[in-house]
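Student: Could you have a look at this structure, given as structure tokens, before my questions?
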Amino acid sequence: MALRTRKNRCAGSNAPRYIGGAKVERYYGFGPTHGAAFNATLMSYRAGCGIGVTVDPCAVPDRDVFDECLRSGVEAVVGSAGDPGVDPAATQSG
């Protein structure tokens, strides 16, 4: 069974933002599914990113399994990136 997905990437601000005088620490974008099983929206803000996910419960009936798969997938991708403050060439032994 093929599932349609929607994905978006929205560039956020590099400068600090405030709402009512309170500093915004992070924010997440959420988009409609428009007939897709889910929509994942990545929004950058300063040095980080947030991912908002909207899921159609008719297309994804086991939300706990979906959430765990999404979480482990994101952790695998982020983990494969390594430490951005470390030069990989400087740490290779050989």
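The values are calculated or read from the model by the stated rules, or taken from the named source; none is laboratory data. These figures come from a predicted structure and were not determined experimentally. Please note: Cβ atoms are built from the backbone with ideal geometry, for glycine as well, and neighbour counts cover all protein chains shown. Protein only, heavy atoms only, side chains kept; ligands, DNA and RNA dropped before computing areas. Shrake-Rupley method; radii C 1.70, N 1.55, O 1.52, S 1.80 Å.
Student: Taking the full set of protein chains and a 1.4 angstrom probe, give the accessible area of residue 9 in square angstrom, rounded to the nearest 10.
Tutor: Here the residue's solvent-accessible area equals roughly 150 Å².
Student: Could you work out the local net charge near residue 15, counting Lys and Arg as +1, Asp and Glu as -1, over the other residues with Cβ closer than 15 Å to its Cβ? Show your work: numbers first, answer last.
Tutor: Working: positive: 17, 23, 26, 46; negative: 25.
After counting each charged neighbour, the total is +3.
Student: Find out how many positive minus negative residues lie around residue 45, taking Lys and Arg as positive, Asp and Glu as negative, among other residues whose Cβ is under 13 Å from that of residue 45. List each step's numbers first, then the result.
Tutor: Values: positive: 9, 17, 23, 26, 46; negative: 25.
Taking every other residue near residue 45 into account, the sum is +4.
Student: Can I ask one more? Could you tell me the ratio Rg/Rh of region 3-63? Both radii from Cα atoms, Rh via Kirkwood. Working shown, then result.
Tutor: Details: Rg = 14.0 Å, Rh = 12.7 Å.
Dividing the radius of gyration by the Kirkwood radius yields 1.10.
Student: When Lys and Arg each count +1 and Asp and Glu each count -1, what net charge do the other residues less than 13 Å away from residue 26, Cβ to Cβ, add up to? Before the final figure, lay out each step's value.
Tutor: On the way: positive: 17, 23, 46; negative: 25.
Result for the local shell: +2.
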